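The values are calculated or read from the model by the stated rules, or taken from the named source; none is laboratory data. For clarity, every value in this text was computed on a predicted model and none was experimentally measured. Positions of Cβ are generated from backbone atoms using ideal geometry, with glycine treated the same way; all protein chains shown enter the neighbour counts. Accessible surface is based on the protein model in full, side chains and every heavy atom, while ligands, DNA and RNA are left aside. Shrake-Rupley method; radii C 1.70, N 1.55, O 1.52, S 1.80 Å.
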Amino acid sequence: MNGSPMGELVEVRVGKVGRPHGLKGDVAIDLRTDEPGRRFTPGAKLTLDEGGKSVEVGSVKWHKGRLIVTFVGYPDRTAVETLTGQWLSVKVPADERPSEPEEYFDRQLVGLAVLDHAGARVGTVAEVQHMPAQDLLHVDVDGSIRLIPFVTALVPEVDLAAGVIRLADVGGLLEDDE
């Protein structure tokens, strides 16, 4: 993976505006970020996918495991309903790293070459799916998608500088069940 020039920004999707929550402009966010506490803070500016207009986060709270926010200038349910279904994104430094050392942003993993335990290229990471138990890597193997749990036991090595991940020597990871 090539290093980016200093100061280069990339746009990343951080969530999708969900249904209004109550009558006072609160809205649920369908998260697409591992770090909502970093992306959704009062005063944060987020870009809407329709028209590139930006919104400012007013308040943030959690309710039954869901992120609920208000946006400045959207004082009630009727106003915030106009945003439902829109994607939210933010520009971040291309070389930004997650808060935790052994974590990766989806954008860092998608496109990496996937090597088997012996170092032979077997595919490419096409997508990262976030599940309750663990994340799943969608690996494109000759046009067919294989799902690999993104856990150290199965993916012991991630080398962003080299642009590769290496799989463990575990049979059946990339084969179809017969």
If we scan the stretch 9-21, do we find a residue that is out of contact with any Asp or Glu (no Cβ under 9 Å at 6 or more places or on another chain) and assigned to a strand (DSSP E or B)?
yes
Can you tell me which of (1) at positive phi; (2) at pLDDT 85 or above is the one F40 doesn't meet?
(1)
Can you give me the number of residues within the stretch 88-102 that are in contact (Cβ under 8 Å) with a residue 24 or more places away in the chain and either open to solvent by less than 50 Å² (accessible area, probe 1.4 Å) or among the hydroxyl-bearing types (S, T, Y) (or both)?
7
Quick test for you: out of K24, K16, pick the one residue that is in contact (Cβ under 8 Å) with a residue 24 or more places away in the chain, in contact with a strand residue (DSSP E or B) (Cβ under 9 Å, 6 or more places away or on another chain), within 29 Å of V125 (Cβ to Cβ) and of a type in the set (K, R).
K16
By residue number, the members of the stretch 141-163 that are open to solvent by less than 60 Å² (accessible area, probe 1.4 Å), part of a strand (DSSP E or B) and farther than 22 Å from D95 by Cβ are V141, S144, R146, I148, P149
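For the stretch 14-32, what are the residues that are of a type outside the set (D, E, K, R) and at pLDDT 90 or above?
V14, G15, V17, G18, P20, H21, G22, L23, G25, V27, A28, I29 - these are the residues of the stretch 14-32 that are of a type outside the set (D, E, K, R) and at pLDDT 90 or above.
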Looking only at the stretch 103-115, which residues are surrounded by fewer than 16 Cβ atoms within 10 Å (Cβ to Cβ) and part of a loop (DSSP other than H, G, I, E, B)?
E103, V110, G111
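Yes or no, residue by residue, for (1) at negative phi; (2) open to solvent by 80 Å² or more (accessible area, probe 1.4 Å); (3) among the basic types (K, R):
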{"residue": "E8", "(1), (2), (3)": "yes, no, no"}
{"residue": "V14", "(1), (2), (3)": "yes, no, no"}
{"residue": "V27", "(1), (2), (3)": "yes, no, no"}
{"residue": "P36", "(1), (2), (3)": "yes, no, no"}
{"residue": "K53", "(1), (2), (3)": "yes, yes, yes"}
{"residue": "K64", "(1), (2), (3)": "no, yes, yes"}
{"residue": "V69", "(1), (2), (3)": "yes, no, no"}
{"residue": "G73", "(1), (2), (3)": "no, no, no"}
{"residue": "E81", "(1), (2), (3)": "yes, yes, no"}
